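Trainee: I'd like to ask some things about the structure below.
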Amino acid sequence: MSMKHETPLLDELEKGAFPSFVKEIKRAAEHSEYAQDLLGQLELSYKEKVTHWKHGGIVGVRGYGAGVIGRYSDIPDKFPGVAHFHTVRVNQPSGFFYTTKALREICDIWDKYGSGLTNMHGSTGDIILLGTNTENLEPIFAELSSRGWDLGGSGSAVRTPSCCVGAARCEWANIDTMAITHEITMRFQDELHRPMFPYKFKFKVAGCAVDCIASIARADMSIIGTWKGDIQIDQAEVKNYATNGMDIQAEIIDMCPTGCMSWDGNELKIDNSNCNRCMHCIAKMTKALRPGKEKGATILLGSKAPIVTGALMSWVIVPFMKMEPPYEELFDLVDRIWEFWDEHGKNRERVGELIERLGFPTFLRETGIEPHPAMVKEPRRDPFFFWTEADIEK
Amino acid sequence: MAENLPERQTDIGPPHYVQFLPRVIKENYGQWKYHEELSAGVMVHVSESGAKVWTVRVASPRLLSTDTIKDICDLADKHCDGYLRFTTRHNVEFMVDDESKVQPLLDDLKAGGYMIGGIGDRISNVVHTQGWVHCHSAATDASGLVKAMMDELHEYFTEKELPNKVRLAVACCVNMCGAVHCSDIALVGVHKTLPRIEHDKVKNLCEIPSTVAACPTSAISPDPKQKSVKIKEEKCMYCGNCYSVCPAMPISDPKNDGVAIVVGGKVSNLRSNPTFSKLAVPWLPNNPPRWPEVTDAVKTILNAYIAGAKKHERLGEWIERIGWEKFFSETGLPFTMQHIDDFTFARETWRMAATFKY
């Protein structure tokens with residue numbers, strides 16, 4: 001198919017070394033009217049420096065309130081191919097592993113019913129099928145779900161949980177991130193597909209404090225693998241690093257944030273009681289150092305992007321939790337948090353913002369979590385604090 | 001579509017991941033002992049059992065056609081027994097279980113024009129949002145900015161090493177659907193003019209209490225006479241959240257929308273705590289298709305980091321060590337009124353000490 005629209009500005013972005021998204025849209029446009037008109041509309045945006053997508057629109061598949069994002073062109077007469085250009089979010093498998101057979105199957109469905117354009121993957125983790133019209137939604141869902149695929153979350157629902165590669169291919173994984181993510185996803189299918197919360201709720205699971213899934217910045221509940229006990233040291237391998245040119249004093253000892261390590265050219269010593277498990281030494285000397293043997297996770301809560309009153313990072317609410325199937329301790333905690341959020345949360349208020357508004361101690365009291373010094377960087381500065389009836393002598 | 005469709009199923013969740021794991025991954029799950037980075041695009045993980053898996057990583061524009069996905073599948077069929085994966089930063093990873101399979105895979109990837117790299121102390125794929133390709137609230141394009149920026153920086157993906165990883169991100173508006181607020185260098189689309197209230201549409205399209213509540217600076221109040229809302233101009237910080245809630249308050253302004261650059265954030269706990277990115281440049285013009293002002297500023301920041309940072313220091317750690325005042329002098333970026341915080345966390349950012357560098 002020849003290109004329907006002239007796209008001189010976009011053509012410029014076919015040049016250059018990095019893989020080109022314009023080439024991708026043009027490839028799809030070889031057999032897709034959607035992609036043809038997407039090129040035309042996008043070129044116009046490049047020319048006018050403004051988006052040409054209308055605000056929202058509620059569309060979906062029967063019985064679900066989530067998984068499809070409605071999108072309409074604001075100039076459908078000019079670009080009828082993208083008059084409807086809805087997104088279908090397909091729940092990715094944990095860890096983003098695929099067989100080619102499974103991927104081809106999704107591609108074939110999408111070629112038949114959609115634009116042939118995807119995001120592998122969206123920011124939250126879903127397979128994003130980018131651009132189709134309303135009448136194709138049910139057929140797409142039937143084709144996908146009959147082959148074992150389901151939709152992801154959107155709106156005021158549990159959003160599709162995601163995780164790092166974890167134990168599948170990483171020696172630092174303290175928890176089985178892929179299993180935990182799968183369990184969470186399966187447990188909360190109803191909450192994922194039928195928005196019933198004040199706002200979105202994201203889970204992300206990281207195997208260690210390196211946090212390759214950015215859970216601490218991007219998940220309402222961040223589950224980050226950690227350990228108790230001593231870092232395991234292979235002194236012979238430490239020496240190998242030194243022999244092979246690593247300046248252990250400068251690169252490891254001097255960069256340890258707690259100053260809990262020493263190196264005399266022969267033996268590496270760690271004062272484990274002062275280690276905060278930041279992962280620097282383990283990440284840099286991965287053959288020589290390994291996390292301690294008692295594995296679990298730190299559970300943090302509350303992160304979100306800047307809207308409305310500023311970005312938050314998740315903070316510690318459970319310093320250490322064992323993470324073994326069936327994960328009842330985790331799910332019990334989630335239930336208590338959601339009950340608190342459900343009771344007090346305002347429309348479009350994330351759980352982190354709610355806790356800020358009502359106070360961290362109020363949250364702890366109502367969810368039955370005991371205070372712990374790991375929850376704060378420092379105690380309060382000012383001498384104003386609440387007491388309860390029980391604290392008062394009558 | 002009247003054709004016969006297969007029977008739909010609901011709430012089945014994603015397919016179980018185990019069926020998608022290559023044999024060497026399945027057999028050594030949880031048994032990995034260490035890994036080594038062999039080059040910019042190849043690493044090997046070694047299991048307690050002695051088994052090894054070699055991973056080859058390639059760049060992706062994230063926006064992929066099904067044709068390209070099928071090409072990738074062809075390569076995975078030929079070299080990787082029909083398995084592949086994607087990373088959390090949208091790279092594609094090919095895995096093989098024998099060293100002899102690495103070079104033929106690399107040869108085919110090179111022949112196919114794939115960009116191999118992104119491993120180690122380099123720039124990996126750029127996390128980004130939809131932009132003008134698919135978003136109604138985009139103040140800029142995301143894919144275009146990524147392409148323009150990475151065309152200039154690709155050597156740091158394929159080859160050149162940096163003091164540590166540099167995580168780049170692009171968000172097309174302040175909603176920041178991506179880890180932009182905790183990246184080494186991030187671009188974010190911003191507005192700098194007021195939303196325009198379409199009074200005749202407000203009463204049909206918007207809920208007035210939630211529109212008022214959506215404003216972080218209390219700039220919006222009800223306007224009962226018009227059955228609409230009004231904006232206290234001097235309070236508006238152009239975040240666009242009112243438009244997210246009320247479609248009758250468009251804020252796009254082609255002449256004044258632009259790109260801000262924030263720097264020094266990270267999500268990892270290595271050495272220093274996870275950190276938010278902070279403002280380096282409040283506004284640069286939207287200048288598609290290549291945004292030269294933006295890419296120049298990014299290169300300026302990156303080059304200053306390369307020149308000044310110690311080995312293993314992330315960009316934010318370098319800035320923390322030298323001080324933000326020094327960051328502005330080292331990069332030559334102007335320090336403006338917009339750099340001084342007057343929003344939620346402002347007080348924590350003012351210098352409450354008499355120590356600083358001239």
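The values are calculated or read from the model by the stated rules, or taken from the named source; none is laboratory data. Remember, predicted model here, so these are calculated numbers, not experimental data. Cβ atoms come from the backbone with ideal geometry, glycine included; neighbour counts cover every protein chain shown.
Trainee: Out of A:THR309, A:THR298, A:THR286, report the one residue that is out of contact with any His (no Cβ under 6 Å at 6 or more places or on another chain), in a loop (DSSP other than H, G, I, E, B) and not assigned by TED's automatic domain parsing to the domain that holds A:ALA242. Working first, answer last.
Mentor: Details: A:THR298 fails: in a loop (DSSP other than H, G, I, E, B); A:THR286 fails: not assigned by TED's automatic domain parsing to the domain that holds A:ALA242.
None of the other options fit; the residue is A:THR309.
Trainee: State the number of residues belonging to the stretch A:93-117 that are under 21 Å from A:GLY57 (Cβ atoms) and within 7 Å of another protein chain (Cβ to nearest Cβ).
Mentor: Result for the stretch A:93-117: 2.
Trainee: A:LEU129: among the hydrophobic types (A, V, I, L, M, F, W, C), closer than 17 Å to A:SER32 by Cβ, outside any loop (DSSP other than H, G, I, E, B) and at pLDDT 95 or above, yes or no? If you could, list the steps in order and put the result at the bottom.
Mentor: Numbers: among the hydrophobic types (A, V, I, L, M, F, W, C): yes; closer than 17 Å to A:SER32 by Cβ: yes; outside any loop (DSSP other than H, G, I, E, B): yes; at pLDDT 95 or above: yes.
Yes.
Trainee: Scanning the stretch A:137-148 for residues that are in contact (Cβ under 8 Å) with a residue 12 or more places away in the chain and facing chain B (nearest Cβ under 7 Å), which turns out nearest to A:LYS204 (Cα to Cα)?
Mentor: A:PHE141
Trainee: What number of residues within the stretch A:90-103 satisfy the criterion of being closer than 24 Å to B:ARG89 by Cβ and surrounded by fewer than 24 Cβ atoms within 10 Å (Cβ to Cβ)?
Mentor: Final tally of qualifying residues: 4.
Trainee: Continuing with this model, one more query. Of all residues in the stretch B:201-233, which are charged (D, E, K, R), out of contact with any strand residue (DSSP E or B) (no Cβ under 6 Å at 6 or more places or on another chain) and in contact (Cβ under 8 Å) with a residue 12 or more places away in the chain?
Mentor: Answer for the stretch B:201-233, where residues must be charged (D, E, K, R), out of contact with any strand residue (DSSP E or B) (no Cβ under 6 Å at 6 or more places or on another chain) and in contact (Cβ under 8 Å) with a residue 12 or more places away in the chain: B:LYS201, B:LYS203, B:GLU207, B:LYS227, B:LYS232, B:GLU233.
Trainee: From (1) among the charged types (D, E, K, R); (2) over 15 Å from the mean Cα position of the chain (by Cα); (3) more than 9 Å from chain B (Cβ to nearest Cβ), pick out the condition that doesn't hold for A:ASP190.
Mentor: Unmet condition: (3).
Trainee: Collect the residues in the stretch B:90-124 that are surrounded by 15 or more Cβ atoms within 10 Å (Cβ to Cβ), in contact (Cβ under 8 Å) with a residue 40 or more places away in the chain, outside any strand (DSSP E or B) and at negative phi, keeping them in residue-number order.
Mentor: B:ASP97, B:LYS101, B:VAL102, B:LEU105, B:LEU106, B:LEU109, B:TYR114, B:MET115, B:ILE119, B:ASP121, B:ARG122, B:SER124
Trainee: Turning to a different aspect of this structure: Do any helices (runs of 4 or more DSSP H) entirely within the stretch A:1-114 hold 2 or more residues that are touching a Pro at 6+ places or on another chain (Cβ under 9 Å) and within 27 Å of B:MET150 (Cα to Cα), and if so, which?
Mentor: Filter on the stretch A:1-114 gives A:8-12, A:21-29, A:33-48.
Trainee: Can you find, within the stretch A:40-72, the residue that is farthest from the other protein chains (Cβ to nearest Cβ) among those that are in contact with a Lys or Arg (Cβ under 7 Å, 6 or more places away or on another chain) and farther than 18 Å from A:SER154 by Cα?
Mentor: Restricting to residues being in contact with a Lys or Arg (Cβ under 7 Å, 6 or more places away or on another chain) and farther than 18 Å from A:SER154 by Cα, the top hit is A:GLY40.
This table checks each residue for (1) part of a loop (DSSP other than H, G, I, E, B); (2) at pLDDT below 95; (3) closer than 30 Å to A:ARG357 by Cβ.
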position: B:ARG290; (1), (2), (3): yes, no, no
position: B:VAL294; (1), (2), (3): no, no, no
position: B:THR300; (1), (2), (3): no, no, no
position: B:ILE306; (1), (2), (3): no, no, no
position: B:HIS312; (1), (2), (3): yes, no, no
position: B:GLU317; (1), (2), (3): no, no, no
position: B:ARG321; (1), (2), (3): no, no, no
position: B:PHE335; (1), (2), (3): yes, no, no
position: B:GLN338; (1), (2), (3): no, no, yes
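Trainee: Looking only at the stretch A:18-32, filter to residues that are within 29 Å of the chain's Cα centre (by Cα) and of a type outside the set (Ser, Thr, Tyr); which one of those is farthest from B:LEU64 (Cα to Cα)?
Mentor: Pass one, the stretch A:18-32, residues within 29 Å of the chain's Cα centre (by Cα): A:18-25, A:28.
Filter once more, so that each one left must be of a type outside the set (Ser, Thr, Tyr): A:18-19, A:21-25, A:28.
Numbers: A:PHE18: 14, A:PRO19: 10, A:PHE21: 7, A:VAL22: 10, A:LYS23: 9, A:GLU24: 6, A:ILE25: 8, A:ALA28: 9 Å.
Checking each candidate, the answer is A:PHE18.
Trainee: Which residue, of B:TYR34, B:TYR29, is surrounded by fewer than 21 Cβ atoms within 10 Å (Cβ to Cβ), aromatic (Phe, Trp, Tyr) and outside any loop (DSSP other than H, G, I, E, B)? Don't jump to the end; show me each part of the working.
Mentor: Details: B:TYR29 fails: outside any loop (DSSP other than H, G, I, E, B).
That would be B:TYR34, the only listed residue that is surrounded by fewer than 21 Cβ atoms within 10 Å (Cβ to Cβ), aromatic (Phe, Trp, Tyr) and outside any loop (DSSP other than H, G, I, E, B).
Trainee: Please verify whether B:VAL262 is touching a Lys or Arg at 6+ places or on another chain (Cβ under 7 Å), more than 9 Å from chain A (Cβ to nearest Cβ) and outside any loop (DSSP other than H, G, I, E, B), treating the condition exactly as stated.
Mentor: yes
Trainee: Kindly provide the set of residues from the stretch B:142-195 that are surrounded by fewer than 22 Cβ atoms within 10 Å (Cβ to Cβ) and either among the acidic types (Asp, Glu) or in contact with a Pro (Cβ under 6 Å, 6 or more places away or on another chain) (or both), ordered by number.
Mentor: Matches in the stretch B:142-195: B:ASP151, B:GLU152, B:GLU155, B:GLU159, B:GLU161.
Trainee: Among (1) at the interface with another protein chain (Cβ under 7 Å from one of its Cβ atoms); (2) in contact with a helix residue (DSSP H, G or I) (Cβ under 8 Å, 6 or more places away or on another chain), where does B:HIS35 come up short?
Mentor: The one condition B:HIS35 does not meet is (2).
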